[in-house]
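Down below is the structure, laid out as structure tokens.
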Amino acid sequence: MRTELIETINVLQKQLNVRLATKFEKMMDNELTAKQVLILELVRIGKTSSTELAEHAQVSTSAISQLLNKLEHQGYIVRTINPTNRRKIDIALGDKAVAYFERTMALDREINESMYGQLPEEDLQALVTILQKLLRIAEA
């Protein structure tokens, strides 16, 4: 019985993730590839060298260079020479990337509100409690 419940939870989680991702993709109307989004996420959290980006994205430095060229051309990133080390190029988010992340955050809120907003408050509280327990287990 317990094994069946765990398997059912696993299947339901996967189905929910796929449906939410599909809904997000349809609403986002995104021109970026998954790899480009990953690069932007890495730049957003402070990974600003080509070597760091290549390592975290698990691609070659030449592939990163091509991705960065395209992202820069599209206005998603800005590259500048580091003032303290002129051999280093600093990579920062461009205006289009900032707008992209603002749009994704708003869309996340909208999708979550439309889904979780249909649940009674006591179900939401129970879900929070369960997710907190699972997080503690995962961190142990």
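How many residues does the stretch 25-49 contain that are surrounded by 14 or more Cβ atoms within 10 Å (Cβ to Cβ), within 12 Å of the chain's Cα centre (by Cα) and hydrophobic (A, V, I, L, M, F, W, C)?
6
Please verify whether the stretch 112-125 includes one or more residues that are in contact with a strand residue (DSSP E or B) (Cβ under 9 Å, 6 or more places away or on another chain) and outside the structural domain of ILE9 (by TED's automatic domain parsing).
no
Tell me whether the stretch 39-49 contains one or more residues that are under 14 Å from PHE101 (Cα atoms) and basic (Lys, Arg).
yes
It is to be established whether one or more residues within the stretch 72-80 are assigned to a helix (DSSP H, G or I), under 21 Å from the mean Cα position of the chain (by Cα) and either more than 27 Å from ILE9 (Cβ to Cβ) or modelled with pLDDT of 95 or more (or both).
yes
Restricting to the stretch 54-111, and then to whatever is of a type in the set (Lys, Arg) and touching a residue at least 24 places away in the same chain (Cβ under 8 Å), can you tell me which residue is farthest from THR22 (Cα to Cα)?
LYS88
Residue check: is THR84 out of contact with any helix residue (DSSP H, G or I) (no Cβ under 8 Å at 6 or more places or on another chain), modelled with pLDDT of 90 or more and exposed (fewer than 12 other Cβ atoms within 10 Å of the Cβ)?
Yes, satisfied.
The values are calculated or read from the model by the stated rules, or taken from the named source; none is laboratory data. Please read these numbers as outputs of a predicted model, since none were measured by experiment. When we count neighbours, we look across all protein chains shown, and the Cβ atoms used for this are built from the backbone with ideal geometry, even at glycine.
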